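Reading through the structure tokens given below for one structure.
The values are calculated or read from the model by the stated rules, or taken from the named source; none is laboratory data. These numbers come from a predicted model, not from an experiment. Cβ atoms come from the backbone with ideal geometry, glycine included; neighbour counts cover every protein chain shown.
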Amino acid sequence: MNGACTAAEAHCEYVLRLADTSLVAGQRLAEWLGHGPTLEEDLALANIALDLFGQARLLLTLAGRIEGCARDEDALAFGRDAAEFRNVALAEQPNGDFAQTIVRQVMLDAWQLETYSSLVASADTELAAIAQKAVKECRYHWRYSSGWLVRLGDGTGESHRRASAALQALWRFTDELRVADELDARMAACGIGPEPAVVNARWQERLAGVLEAARLTVPAHQHYPWHGKRGVHTEALTHLLATLQYLPRLYPGVSW
Amino acid sequence: MYTQALDAQPGAAGADDAEQQARLARFQERIDRDEKIEPTDWMPEQYRHMLIRQIAQHAHSEIVGMLPEGNWITRAPSLRRKVVLIAKVQDEGGHGLYLYSAAETLGVTRAALIEQLLAGQARYSSIFNYPTLTWADIGAIGWLVDGAAIMNQIPLCRCSYGPYARAMVRICKEESFHQRQGYELMLTLARGSAAQRAMAQDAFARWWRPALMMFGPSDAHSVHTAQSMRWKIKRFSNDELRQKFIDATVPQAHFLGLSIPDPELRWDAASQHFQTGPIDWGEFEAVLRGDGPCNRERLAARREAHEAGAWVRAAAVAYAEKHPEHAPAASVG
């Protein structure tokens, strides 16, 4: 992303940030199915994954239309390499133990919830309509992940240690949720995207509230300039994509 | 079916006094009148045990059955296929939940039943001990495994035990949808590239015979069928259901352009049924015994999930004890 790109390119890239974040987070949560700590958690995590894939499909279709190169949801999901993905790097972080998954989801859910809450007023009416649907889903996702974080943080000594360790390990990835870049500013200026400062303030407030209830300490802000939303990812993403894209890459050009 | 191992169980001791005989007779009369037996009703201990075992085996089958299909969720080749598969595997988890709840109405706990499964003391359907090696296996499972399951489960909607019968109504609706999505997946592959057609044929060849075994041993070797049928827990014999499945499925395979991996398969005009070659019951016994291709992996995956989740469950309990005001679920915001 640079200042020289056209309005359509910038718009498309912004929608891909939202789309890829849902897609990659959905892929991670779907890995839990059949392996959760209780049957109820298997079902709940699958529900959240389904919502995220639903958001990703709508947003990828929208991005493809803005791009105007006849790429549909599958062409975008299965036909791009890691550097072309625009998800926040937090979403691609491995599941780890249940605490790591929950901490990752708490941070992401809060960010998606605040982002979509603002996007319902987007100048892009289609994006606004997708946000209307997504915000209801994100409310439930937040209720689930924050409920579990409180139980883990204020449960046993072991669960508190694990939640605390996950928070320390993942906190640096919140830098890009909070630091607006040129594209975020440009989208806000033209009314497509939310005002970054507003989303950031609400996100911080939400996180502070849940961490206090979970008896966890808000870590100090860590500068971490490697932002997935600009295509700079961790090693985890190529592995995730190798799995996700395996079949369409092996058998290109067929329908499934 | 998902409860095929029941057929190998010995009968329990009968009633030994007049009052017990009279109760048994009244119970049988209720069954004969097609009345539903409810959790608080008197029932013979053997009926209770038979049902607990059957429902538990069915529930375990759903839970273990999430694994072979779950194996392809992260690799589904389109986003539409991915959400369909997640929803299907999620349905299976839901069926497990339903069925464990139905079993609990008979005086056992889900935790105890799961302990039995993890200890290797409980059975689940042999079919889930086969591997899912290609994407086409997802189609073959939906079409054949869910198709076979439906054959057995539709009659269970009329099972004499109320909670089980009612759970089966919803389960059958979902299974029927699963079967259609599996067949539609196979149809897409059958109409696809040469590589996709080969994938579909390979999957069909591997799943056909294990699917036939899902109905359990032939009637001649199924010692438990008679009592189970008298009590209307079971309404058709294994061989009747297997034949019904074969007759329905062979034309479907032909429509897909797939060849049946059985040189002895033929249409028998006299009986108006398809006749198949012999089933390898040695393989069936081996898989039930624990020596199938994936028995160890399936149980290991369940044990790992259970053990890795122990601290999470403990945390939930500890939190609930500290905060009874928040029971049953914590929530923020």
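Can you tell me which residues in the range A:190-199 are part of a helix (DSSP H, G or I) and crowded, with 18+ Cβ neighbours inside 10 Å?
A:Pro196, A:Val199
Output the residue which, of all residues in the range B:70-83 that are outside any loop (DSSP other than H, G, I, E, B) and more than 20 Å from the chain's Cα centre (by Cα), is farthest from the other protein chains (Cβ to nearest Cβ).
B:Arg80
Here is a yes/no grid of residues against (1) closer than 24 Å to B:Gly282 by Cα; (2) in a strand (DSSP E or B); (3) of a type outside the set (Ser, Thr, Tyr); (4) at pLDDT below 95:
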residue	(1), (2), (3), (4)
B:Tyr98	no, no, no, yes
B:Ser101	no, no, no, no
B:Leu106	no, no, yes, no
B:Ala122	yes, no, yes, yes
B:Thr134	no, no, no, no
B:Ile138	no, no, yes, no
B:Ile150	no, no, yes, yes
B:Arg158	no, no, yes, yes
B:Gly182	no, no, yes, no
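Just give me the residues in the range B:314-333 being in contact with a Lys or Arg (Cβ under 6 Å, 6 or more places away or on another chain) and at pLDDT 85 or above, in sequence order.
B:Ala315, B:Ala316, B:Tyr319, listed by residue number.
For A:Ala70, which of the numbered conditions (1) assigned to a helix (DSSP H, G or I); (2) over 18 Å from the mean Cα position of the chain (by Cα); (3) more than 10 Å from chain B (Cβ to nearest Cβ) fails to hold?
(1)
For every residue, the table says whether it meets (1) of a type outside the set (Phe, Trp, Tyr); (2) in contact (Cβ under 8 Å) with a residue 12 or more places away in the chain; (3) closer than 30 Å to B:Leu241 by Cβ.
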position: B:Ser271; (1), (2), (3): yes, no, yes
position: B:Phe274; (1), (2), (3): no, yes, yes
position: B:Phe284; (1), (2), (3): no, yes, yes
position: B:Ala301; (1), (2), (3): yes, yes, yes
position: B:Glu304; (1), (2), (3): yes, no, no
position: B:Gly309; (1), (2), (3): yes, no, no
position: B:Arg313; (1), (2), (3): yes, no, no
position: B:Ala316; (1), (2), (3): yes, no, no
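Between residues in the range B:159-177 that are farther than 12 Å from B:Gly94 by Cα and residues that are among the basic types (Lys, Arg) and at pLDDT below 95, which pairs lie under 7 Å by C-beta distance while being six or more apart or on different chains?
If the second residue must be among the basic types (Lys, Arg) and at pLDDT below 95, the pairs left are B:Cys159/B:Lys232; B:Ser160/B:Lys232; B:Ala165/B:Arg158.
Filter the range A:214-244 down to the residues that are buried (at least 18 other Cβ atoms within 10 Å of the Cβ) and within 11 Å of another protein chain (Cβ to nearest Cβ), then identify the one that is nearest to A:Asp154 (Cα to Cα).
Within the range A:214-244, the match that is nearest to A:Asp154 (Cα to Cα) is A:Ala214.
Could you grab me the full set of residues in the range B:214-252 that are within 22 Å of B:Asp137 (Cβ to Cβ) and in a loop (DSSP other than H, G, I, E, B)?
Hits for the range B:214-252 are B:Met214, B:Phe215.
Take A:Arg186 and tell me if it is in a helix (DSSP H, G or I), buried (at least 16 other Cβ atoms within 10 Å of the Cβ) and within 10 Å of chain B (Cβ to nearest Cβ).
No: the conditions fail for A:Arg186.
When you scan the range B:127-147, do you find a residue that is small (Gly, Ala, Ser), in contact with a helix residue (DSSP H, G or I) (Cβ under 9 Å, 6 or more places away or on another chain) and under 16 Å from B:His58 (Cβ atoms), even just one?
The answer is no, given that none of the residues of the range B:127-147 is small (Gly, Ala, Ser), in contact with a helix residue (DSSP H, G or I) (Cβ under 9 Å, 6 or more places away or on another chain) and under 16 Å from B:His58 (Cβ atoms).
The conditions are (1) without any contact (Cβ under 8 Å) to a residue 24 or more places away in the chain; (2) in a helix (DSSP H, G or I); (3) closer than 24 Å to B:Leu133 by Cβ; (4) not hydroxyl-bearing (Ser, Thr, Tyr), and B:Pro263 fails exactly one of them. Which is it?
(2)
Looking at B:Ala211, is it in a helix (DSSP H, G or I) and farther than 21 Å from B:Asp137 by Cα?
Considered against the rule, which asks whether it is in a helix (DSSP H, G or I) and farther than 21 Å from B:Asp137 by Cα, B:Ala211 comes out as no.
Can you tell me how many residues within the range A:4-44 are more than 7 Å from every other protein chain (Cβ to nearest Cβ) and either in contact (Cβ under 8 Å) with a residue 40 or more places away in the chain or not hydrophobic (A, V, I, L, M, F, W, C) (or both)?
27
Looking at B:Ala270, B:Ala286, B:Ala315, B:Ala320, which is the one that is more than 19 Å from B:Leu118 (Cβ to Cβ), surrounded by 13 or more Cβ atoms within 10 Å (Cβ to Cβ) and away from chain A (no Cβ under 14 Å)?
Answer to the check: B:Ala286.
Counting just the residues of the range B:204-226 that are among the aliphatic types (A, V, I, L, M) and under 15 Å from B:Thr249 (Cα atoms), which one comes out farthest from the other protein chains (Cβ to nearest Cβ)?
B:Leu212
Return the residue satisfying two criteria in turn: it lies in the range A:200-218 and is of a type outside the set (S, T, N, Q) and part of a loop (DSSP other than H, G, I, E, B), and of such residues it is farthest from A:Ala7 (Cα to Cα).
For the range A:200-218, the residue satisfying everything is A:Arg215.
Looking only at the range A:17-50, which residues are over 27 Å from A:Asp181 (Cβ atoms), surrounded by 22 or more Cβ atoms within 10 Å (Cβ to Cβ) and of a type in the set (D, E, K, R)?
Scanning the range A:17-50 gives A:Glu41, A:Asp42.
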